[in-house]
Amino acid sequence: MGKYAPVIKTAECGSMTRAAQTMGYTQPSLGYIINNIENELGVKIFYRDQRGVTLTEAGVGLLEIMRQIEAMEMRLQEAARVSKWELLRVGIFSDVAAQWMPGILEAFYEAYPDVVVKLEQESCYLNGELDVKEHKLDCCFFIGQCPPGMESFPLYEDPYYLVVEEKSYLASLKEVSVWDVVGKYQFIPTNESFDMGSTIHEIYQLFARFSRLDFQPQENQMAIALVEKGLGITVLPGLTLIDLIPNRAVKIIPLKDRLTRTVSLLCPRESERSHLTEVFLRLTQQRVDAWRTAQENKSP
């Protein structure tokens, strides 16, 4: 926690009492800290009354600067820990986290029990790429072509499936082509539909012209629930479906188009990788190989 965290938390809570409780201070000690900061800066940051606290005009301007300082201090501390090999930052997306990360972390902590592994949820595949390029991440799970100047290590070829309501006519088919359903069925968006790094983004653009539903889900449970109610169809990868479809009234149909996504671990070039990143890469390859062997001849 940085120097200005008490000011930031008090501004967020609008009350010294609530801020003190949240941060584990007594109210007098929190007030003392804030008074010292105000005296040091030579300005009044808060108006105080019986209802709580509000920012002064000067406080409004200072708050954003304080937030920037806190963020920079956190990045500085992370950089120092990385340089001492005490921190490993990994970009993940939810289905990889659920299927692979428990085993990978178990093996990693056996070898490096004192290292902090920071898992960063990726909002889209391209964000992970940018964060590795900018050294905000040491590596990330990734979908797509390897960007220039980096190395991508393929782990698993993940097939896509059509997901339909179990009472649908389509549920009786052994396989189906995406082209057979474009314009005929409502397509339910998934968290990949708006990700330009995803195969599904292109497919969604085909369906979107005929769609009467427009939303951007962060998770895929909503898509499955809408399909289950007969409100449309969707396309999802096998890794995602493993935990989504048990006990749901949906049917999974292989695609004639043989659409897949290659899940890789994206890393800096070998000359720029840390020792911990190398260890994580090796353990990930071993664990995913073991997982893939266990999943052979299984379908979601």
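The values are calculated or read from the model by the stated rules, or taken from the named source; none is laboratory data. A quick note: this is a predicted structure, and the numbers were derived from the prediction, not measured. When we count neighbours, we look across all protein chains shown, and the Cβ atoms used for this are built from the backbone with ideal geometry, even at glycine.
When LEU231 is tested against the conditions (1) among the aliphatic types (A, V, I, L, M); (2) part of a loop (DSSP other than H, G, I, E, B); (3) buried (at least 21 other Cβ atoms within 10 Å of the Cβ), the lone failure is (3). One residue alone among GLU106, GLU129 is assigned by TED's automatic domain parsing to the domain that holds GLN286, at pLDDT 80 or above and in contact with a Cys (Cβ under 8 Å, 6 or more places away or on another chain), and that residue is GLU129. For segment 4-79, the helices (runs of 4 or more DSSP H) that sit wholly inside it and include 2 or more residues that are within 30 Å of HIS135 (Cα to Cα) and in contact with an Asp or Glu (Cβ under 9 Å, 6 or more places away or on another chain) are 5-13.
All of (1) in the same structural domain as LEU130 (by TED's automatic domain parsing); (2) touching a residue at least 12 places away in the same chain (Cβ under 8 Å) hold for ALA249 with one exception: (1). Evaluated against (1) part of a helix (DSSP H, G or I); (2) of a type outside the set (Phe, Trp, Tyr); (3) buried (at least 17 other Cβ atoms within 10 Å of the Cβ), VAL164 falls short on exactly one condition, (1). Among residues of segment 1-12 being of a type outside the set (Val, Ile, Thr) and in contact (Cβ under 8 Å) with a residue 24 or more places away in the chain, the one that is surrounded by the most Cβ atoms within 10 Å (Cβ to Cβ) is PRO6. The residue pairs whose first member lies in segment 28-45 and is free of Cβ contacts under 8 Å to residues at least 12 places away in the same chain, whose second member is in a helix (DSSP H, G or I) and of a type in the set (Val, Ile, Thr), and whose beta carbons are closer than 8 Å, counting only pairs six or more residues apart or on different chains, do not exist in this structure. Looking only at segment 74-101, filter to residues that are among the charged types (D, E, K, R) and surrounded by 15 or more Cβ atoms within 10 Å (Cβ to Cβ); which one of those is modelled with the highest pLDDT? Among them, the one singled out is ARG89. Among the residues of segment 242-256, those that are at pLDDT below 90 and either polar (S, T, N, Q) or not in a loop (DSSP other than H, G, I, E, B) (or both) comprise ILE242, ASP243, LEU244, ASN247. Entry remark, segment 54-72: residues being in contact (Cβ under 8 Å) with a residue 12 or more places away in the chain and more than 35 Å from the chain's Cα centre (by Cα) number 2 in total.
Being in a loop (DSSP other than H, G, I, E, B) and within 18 Å of ALA97 (Cβ to Cβ) is the filter here; which residues of segment 137-153 pass it? Answer for segment 137-153, where residues must be in a loop (DSSP other than H, G, I, E, B) and within 18 Å of ALA97 (Cβ to Cβ): LEU137, ASP138. Residues that are in the same structural domain as ALA98 (by TED's automatic domain parsing), of a type outside the set (A, V, I, L, M, F, W, C), touching a Gly at 6+ places or on another chain (Cβ under 6 Å) and crowded, with 18+ Cβ neighbours inside 10 Å do not occur anywhere in segment 133-140. Restricting segment 113-136 to residues that are in contact with a helix residue (DSSP H, G or I) (Cβ under 7 Å, 6 or more places away or on another chain) and outside any strand (DSSP E or B) leaves a set whose member that is farthest from ARG273 (Cα to Cα) is GLU122.
Taking the conditions (1) modelled with pLDDT under 90; (2) among the hydroxyl-bearing types (Ser, Thr, Tyr); (3) not in a loop (DSSP other than H, G, I, E, B) in turn, SER211 satisfies each one other than (3).
For ILE104, the conditions (1) farther than 30 Å from TYR185 by Cβ; (2) crowded, with 17+ Cβ neighbours inside 10 Å; (3) touching a strand residue (DSSP E or B) at 6+ places or on another chain (Cβ under 8 Å) are fulfilled apart from (3). Go through (1) of a type outside the set (Asp, Glu); (2) surrounded by fewer than 15 Cβ atoms within 10 Å (Cβ to Cβ); (3) at pLDDT 90 or above and name the single condition TYR32 misses. Of (1) of a type outside the set (Asp, Glu); (2) surrounded by fewer than 15 Cβ atoms within 10 Å (Cβ to Cβ); (3) at pLDDT 90 or above, only one is false for TYR32: (3).
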